[in-house]
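Quick notes on the structure that follows.
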Amino acid sequence: MLNAENVKNIAVFVSGGGTNLQALIDAQERGEIRNGRIVFVLASNEKAYAIQRAEKAGIEHQVVSRKAYASSGEYDAAILAALENRHIDLIVLAGFLSILGPTVIEKYRNRIINIHPSLIPLFCGDGFYGKKVHAAVLASGMKVTGATAHFVNEITDGGAIILQKAVPIEQGDNEDILQYRVMRQAEWEILPKAVSLFCEDRIRIVGNRTEIIGTSF
Ligand code: GRF
């Protein structure tokens, strides 16, 4: 039985609909995020529906609006101020569309997980986010795509990969259909699993790769 002091505090950063936040909340309610609890939601956009999801789940939340800050450096400082004294052990970027600067990344080195809607290293990096990813995937003619949960470093989508899951591309798919399939069949499954593995200290980083300790996940 874990005692309360060991449980890791999770902050989830959002910008939009918050379906990945909802997947984390639902997994937590099913007891599938072992040794972790979502204690704070930070939204970069005051219109994010994700805020309503946090509200409904009774999770403390705050808008730190990217457009309220002239530079990414000032935005980084505002993010760190919002996290101050919350004893956050893990930051999860769940549909978060702002770029974190070096100050936040350094302070939370190897403690920031992002969900990206492709099989990294394909269709990732600057400019590849949301439906733009799926448009590029469809244009490529590939027959499979998927999602990746990975650590965040200074390179956009460049941190060590934790979990991936592939999904099929069907005849007649468009960006909307494909985005929903990737979210439902891949993102909403692997993000909670990656978060749980982190909170259980079961991810070992070896260079730019990870090893999962133990078999069940
Ligand atoms: C999803 O495609 C996710 O992969 C990307 O942002 C989109 C919206 O995510 N990171 P959410 O519904 O706000 O979690």
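The values are calculated or read from the model by the stated rules, or taken from the named source; none is laboratory data. The shown structure was predicted, so the numbers you read here are calculated from the model rather than taken from an experiment. Cβ atoms come from the backbone with ideal geometry, glycine included; neighbour counts cover every protein chain shown.
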Pairs returned, first residue in segment 176-190 that is free of Cβ contacts under 8 Å to residues at least 24 places away in the same chain, second residue that is buried (at least 18 other Cβ atoms within 10 Å of the Cβ), beta-carbon separation under 7 angstrom, 6 or more apart or interchain, are R181/V167; Q185/V167
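Tally time: how many residues in segment 68-101 are among the polar types (S, T, N, Q) and within 16 Å of the ligand (Cβ to nearest atom)?
1
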The residue from V12, V7 that alone is at negative phi, in contact with a strand residue (DSSP E or B) (Cβ under 6 Å, 6 or more places away or on another chain) and within 16 Å of the ligand (Cβ to nearest atom) is V12
Within segment 83-99, the residues that are closer than 15 Å to G127 by Cα and in contact (Cβ under 8 Å) with a residue 60 or more places away in the chain are G95, F96, L97, S98
Log entry, pairs with first residue in segment 17-35 being on the phi > 0 side of the Ramachandran plot, second being at pLDDT below 95 and more than 13 Å from the ligand (Cβ to nearest atom), beta carbons closer than 9 Å, six or more apart or on different chains, reads N35/L2; N35/N6
Within segment 102-129, residues within 15 Å of the ligand (Cβ to nearest atom) and closer than 20 Å to I91 by Cβ come out as I112, I113, N114, I115, H116, P117, I120, C124, Y129
Residues of segment 21-31 being farther than 22 Å from D76 by Cβ and either buried (at least 16 other Cβ atoms within 10 Å of the Cβ) or in contact with a Pro (Cβ under 6 Å, 6 or more places away or on another chain) (or both), in sequence order, are Q22, A23, L24, I25, A27, Q28
The residue from D173, D157 that alone is assigned to a loop (DSSP other than H, G, I, E, B), touching a residue at least 12 places away in the same chain (Cβ under 8 Å) and on the phi > 0 side of the Ramachandran plot is D157
